[in-house]
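*Asks:* Could you have a look at this structure, given as structure tokens, before my questions?
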Amino acid sequence: MTTKAKTSDHRIDHFFSMPAARADRWRDIVGASRAWSSGRSDKATVEAAFAELGPIEEFHAFPGPGLMGALREKLQGDNAVGFTELVRRVSAAIVTRDFKYDAAEWGTADEVADSPADVLPPTLGGREARRPYFEMLMVAPGATTHAVYQIAEMRKLRRPEDAFIYEMVAVESFEDAICAAIINPYIAAVTIFEGFTYTSRHPAPVLRSVLANLVPEEARREDADLSLLLANSLKRLRPELDVYLLSDRRVESLAGDPRAASIRRVLYAIEEPLELHLSVLEGIQRRFETPFFDNLKKYARRPISTFHALPIARGKSVFKSDWIRDMGEFYGINLFLAESSATTGGLDSLLEPTGNIKRSQEMAARAFGADHAFFVTNGTSTSNKMVHQAIVAPGDIVILDRNCHKSHHYGLVLAGGQPLYVDAFPMTEYSMYGAVPLASVKKALLDLKAEGRLDRVKMVDLTNCTFDGHIYNTRRVMEECLAIKPDLVFLWDEAWFGFARFSPILRPRTAMGAASAIGAWIHDPASIKAYEKQQDELGSDPSADKLLATRLIPDPRKVRVRVYQTHSTHKSMSALRQGSMVLVKDVDFHTVESQFHEAVFTHASTSPNQQLIGSLDVARRQMELEGYGLVLNAIEISLSIRREINSHPLISKYFKVLGADGMVPAEYRNSGFVDFLAPGTTWAEQVRSMHEDEFCLDPTRMTLVCGTAGFDGTEFKALLANTYDIQLNKTSRNSVLLQSNINNTRSDIAQLLRVLLEICNSIEARLVHGGSGEQDAFAARVKSLMTDVPDLPNFSHFHEAFRQDAGRSTPEGDMRTAFYGAYDAAGCEYVTLHGEECDRRLREGPEMVSANFVIPYPPGFPIMVPGQVITQETIEFMRKLDVKEIHGYEKARGLKLLRPDVISAKSKR
Ligand SMILES: Cc1ncc(COP(=O)(O)O)c(C=O)c1O
């Protein structure tokens, strides 16, 4: 999708570029009107720029019809000075968002002077305490007339004691309502008045093609129940929205209609609008409430004496100290007042919550679309281990991405599960891996089935999205696996992807989004028919090849939806470091609930940090109230970075951000999607790709190739951090990973570009001044980084000594025995990586068997696991590795190996 959308055709469906493009358009008018008022340009340019704003402004409460009318009047009346003054003020208010808090922004200067009370929204007062602001969408027939009256009535109901302030946006069609909800992130509630039409009076070809998938065909029929269809469509796009319906039908029967489940309240249309006003505020309050954090604040205000073992609580020993007072001054008194090891007196126990933590977790479950949410204060490293322990018993097989985070591997060692490693597709030229093709997971399951060992498989465990941004087709993966084994449990490590819940494009590809789609599919009568039809086509005993080649449909009557998601709330939302959650959507959770609690008891600290728990609560509140806009902004920023770097004449000579086509091989992009920025790409192609393709790219994760500028990833990361104070994510041999998040602003983009330009200029200068010697050295360095890349080693196999319980042809292994075998020094030996002995062992044996995990950073996944046979491929990779940090490898002693003969002899004894 092009982010600098050309909107001269006044289309309303250039999503994703909206907030920034809108601000740019207002700034353009300011420039044009200044030129007009100083006589440097004519009025026609201003008129054209004003027309550029198009109908998009109709979807925002500010500036609203009053101010837009005033602007139009000044323009038509040739009042260049008045127009310029007003347009400057409106533009500044949009960019700074001051209109949310300053009533003066809402009037024209003349009106404010004349009669402010008539013009200003009564509760937006500059002197009042700053209250959270939101907008309510009103969908009503003949919006402009009907809603003007309604809006005026609702405004009269505002009271100073209201906790929040809202303004209203009125639209009159189904399509406009959808556009407004997508484009305007301030919308937090929707009121639907019956009788509106379906089609927008504005052009929206892309929206229409997208709605073709989103909205059932019946919506376009004359007799469609548009109100219910709109409510459901809005909830699918933005589940956090509160939807109200004002009807003059029999509201009792409407309220009881199962199709009305997505409506928060049905009201009789001619009832007092006060009911609506109070319901809207109460709906926001429900999301605003943070039970644990609210109590923590209350707790901090109380004069409490502590005789617990937590001397830092209340801060007396800090603030009275001559020596550590600066710590208190740095962090502030509240940190200490809110510290406690108590689980009573308004606080709660994280390990056995019964009060406000329990409520906060329930609210998190609601926000993230789960049945249960559990707060974890030791990061997703711990969340993953909890799920492994809760679900996997010793001997159970887990199909696992070999490149997943180490917490999964260690989780299996502890739980005694047997990993069956599946490999992701390699991206050798960038020294990184992609994601695991579904065919590999299916093949693993079908092989186990062929061996009669399917009953041993407990869980499929994958990382979504991967560190580098590969997003799985979660629904398809689960459906096809469930077609082979209907009671499989899925663990999706969404450490990086928690925010995705709040993007309508990304949500269907999250674990919870897919789990709820499968849950709904199971109950659709058409599903059984589809399943039976496929069974007929497959015949009674289909071959494994046929099953591999078919998009399998599970039996909806047998499927158990058992999905676990872990995410590092701290990685993509406003939680403090280590704040993480486990989300559960498991129809059989009751069967594992007690063991799940055991797993929590095993891994959770008995002294969890209050501030962390509080921040998880607050992160949830923020995402439910403004997550949609924040995520939209993060995506918009990433698209801007991608576009600016890849199109800048000098920067693009040395650097490139890889697009979807660079990150996902064509065979996994069946829809033909190329990239967000490919010419002609619209929202519709992006939606189709998210729906159909095996892998998609998370746009917020940007692989910046720096090898072409002569830097290896680690070196470039250090340069940016040490010289320019720019911190970034992971590195590979020739790339670094940039990540945009809800915290980024357009200034960050400007800073990044400025720095890249400076670096490019210095490379150019060096090459010019250094002559051919420097140029040859640079070319050689680039070649070495970009073409002399080591092949990535796939998982080899477990040594037979650790496969005694395994299938004949399936590659699972008993990693736990190997891991603990290494505790016995007599069962271990060392071989130096670069020595002759290593080559001899590779040639002649006995096989070298890794005693532990060996994890180089980068790439950050274990190239050896306990019990794995070390092959030539792995040794070559390790020898070429030029990274400093390799966990599990001591250079001086060499590779730590197991002596399987000693270990098995001992185990027989
Ligand atoms: C995929 C994945 N899972 C889990 C983790 C661990 O998360 P945390 O740092 O919250 O413990 C990481 C950390 O980088 C990760 O990349």
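The values are calculated or read from the model by the stated rules, or taken from the named source; none is laboratory data. As the structure is a computational prediction, the values presented were derived from the model and not from experiment. Note that we place each Cβ from the backbone using ideal geometry, even for glycine, and neighbour counts take in every protein chain shown. Ligands, DNA and RNA are stripped out before the accessible areas are found, and what is left, the full protein with its side chains, is counted by its heavy atoms. Shrake-Rupley method; radii C 1.70, N 1.55, O 1.52, S 1.80 Å.
*Asks:* Would you check if SER607 is small (Gly, Ala, Ser), away from the ligand (no atom under 16 Å from the Cβ), within 23 Å of MET459 (Cα to Cα) and open to solvent by 30 Å² or more (accessible area, probe 1.4 Å)? Before you say what the answer is, go through the steps one by one.
*Replies:* Values: small (Gly, Ala, Ser): yes; away from the ligand (no atom under 16 Å from the Cβ): yes; within 23 Å of MET459 (Cα to Cα): no; open to solvent by 30 Å² or more (accessible area, probe 1.4 Å): yes.
No; evaluated as a whole, the condition is false for this residue.
*Asks:* Yes or no: segment 342-357 includes at least one residue that is open to solvent by 40 Å² or more (accessible area, probe 1.4 Å), in a loop (DSSP other than H, G, I, E, B) and of a type in the set (D, E, K, R).
*Replies:* Looking for residues that are open to solvent by 40 Å² or more (accessible area, probe 1.4 Å), in a loop (DSSP other than H, G, I, E, B) and of a type in the set (D, E, K, R), one finds at least one in segment 342-357, hence yes.
*Asks:* Select from segment 189-199 the residues that are open to solvent by less than 10 Å² (accessible area, probe 1.4 Å) and among the polar types (S, T, N, Q) and list them in ascending order.
*Replies:* THR191
*Asks:* Among (1) within 21 Å of ALA495 (Cβ to Cβ); (2) more than 16 Å from the ligand (Cβ to nearest atom); (3) in a helix (DSSP H, G or I), which single condition is ALA370 missing?
*Replies:* Failed condition: (3).
*Asks:* Within segment 827-881, how many residues turn out to be under 32 Å from the mean Cα position of the chain (by Cα) and more than 20 Å from ASP814 (Cα to Cα)? Write out each step before concluding.
*Replies:* Step one: filter segment 827-881 for residues under 32 Å from the mean Cα position of the chain (by Cα), giving 853-865, 881.
From what is left, the residues that are more than 20 Å from ASP814 (Cα to Cα) are 856-860, 881.
Number satisfying all stated conditions: 6.
*Asks:* Further question: Can you pull out every residue in segment 821-843 that is surrounded by 13 or more Cβ atoms within 10 Å (Cβ to Cβ) and touching a residue at least 60 places away in the same chain (Cβ under 8 Å)?
*Replies:* If the condition is that a residue be surrounded by 13 or more Cβ atoms within 10 Å (Cβ to Cβ) and touching a residue at least 60 places away in the same chain (Cβ under 8 Å), then GLY821, ALA822, ASP824, GLY827, CYS828, GLU829, TYR830, VAL831, THR832, LEU833 are the ones that fit.
*Asks:* Another question about this same structure. Only one of these is within 16 Å of ALA517 (Cβ to Cβ) and either within 16 Å of the ligand (Cβ to nearest atom) or open to solvent by 60 Å² or more (accessible area, probe 1.4 Å) (or both): ARG557, ARG551. Name it. Write out each step before concluding.
*Replies:* Numbers: ARG557 fails: within 16 Å of ALA517 (Cβ to Cβ).
After applying the criteria, what remains is ARG551.
*Asks:* Please determine, by comparing only the residues of segment 562-586 that are polar (S, T, N, Q) and within 30 Å of PRO486 (Cα to Cα), which one is nearest to the ligand (Cβ to nearest atom).
*Replies:* Keep residues of segment 562-586 that are polar (S, T, N, Q), which gives 565-566, 568-569, 572, 574, 578, 580.
Going one step further and asking which of them are within 30 Å of PRO486 (Cα to Cα), we end up with 565-566, 568, 580.
Values: GLN565: 11, THR566: 7, SER568: 4, SER580: 5 Å.
Residue satisfying both the conditions and the ranking: SER568.
*Asks:* Another question about this same structure. Could you list all residues from segment 439-476 that are part of a helix (DSSP H, G or I), open to solvent by 10 Å² or more (accessible area, probe 1.4 Å) and within 20 Å of ALA666 (Cα to Cα)?
*Replies:* ALA439, SER440, ARG476
*Asks:* Testing SER340 on (1) closer than 30 Å to ASP162 by Cα; (2) under 34 Å from the mean Cα position of the chain (by Cα); (3) not β-branched (Val, Ile, Thr), one condition comes back false. Which one is that?
*Replies:* Single failed check for SER340: (1).
*Asks:* Just give me the residues in segment 265-296 being more than 20 Å from ASP162 (Cα to Cα) and either within 26 Å of the chain's Cα centre (by Cα) or acidic (Asp, Glu) (or both), in sequence order.
*Replies:* GLU271, PHE292, PHE293
*Asks:* Out of LEU230, LEU207, report the one residue that is closer than 28 Å to GLU167 by Cα, touching a Cys at 6+ places or on another chain (Cβ under 8 Å) and surrounded by 20 or more Cβ atoms within 10 Å (Cβ to Cβ). Can you show your working first?
*Replies:* Working: LEU230 fails: touching a Cys at 6+ places or on another chain (Cβ under 8 Å).
Testing whether each residue is closer than 28 Å to GLU167 by Cα, touching a Cys at 6+ places or on another chain (Cβ under 8 Å) and surrounded by 20 or more Cβ atoms within 10 Å (Cβ to Cβ) leaves just LEU207.
*Asks:* Continuing with this model, one more query. Within segment 384-400, does at least one residue satisfy the condition of being assigned to a loop (DSSP other than H, G, I, E, B), touching a helix residue (DSSP H, G or I) at 6+ places or on another chain (Cβ under 9 Å) and within 16 Å of the ligand (Cβ to nearest atom)?
*Replies:* no
*Asks:* Taking into account only those residues within segment 488-506 that are over 13 Å from VAL563 (Cβ atoms) and either without any contact (Cβ under 8 Å) to a residue 40 or more places away in the chain or within 16 Å of the ligand (Cβ to nearest atom) (or both), which is most open to solvent (accessible area, probe 1.4 Å)? Steps first, please.
*Replies:* Narrowing segment 488-506 to residues over 13 Å from VAL563 (Cβ atoms): 495-506.
Remaining after also requiring either without any contact (Cβ under 8 Å) to a residue 40 or more places away in the chain or within 16 Å of the ligand (Cβ to nearest atom) (or both): 495-500.
Numbers: ALA495: 11, TRP496: 37, PHE497: 1, GLY498: 2, PHE499: 16, ALA500: 0 Å².
In this case the residue turns out to be TRP496.
*Asks:* Just checking, how many residues over segment 76-90 are within 13 Å of ARG34 (Cα to Cα) and open to solvent by less than 70 Å² (accessible area, probe 1.4 Å)?
*Replies:* Of the residues in that region, 8 qualify.
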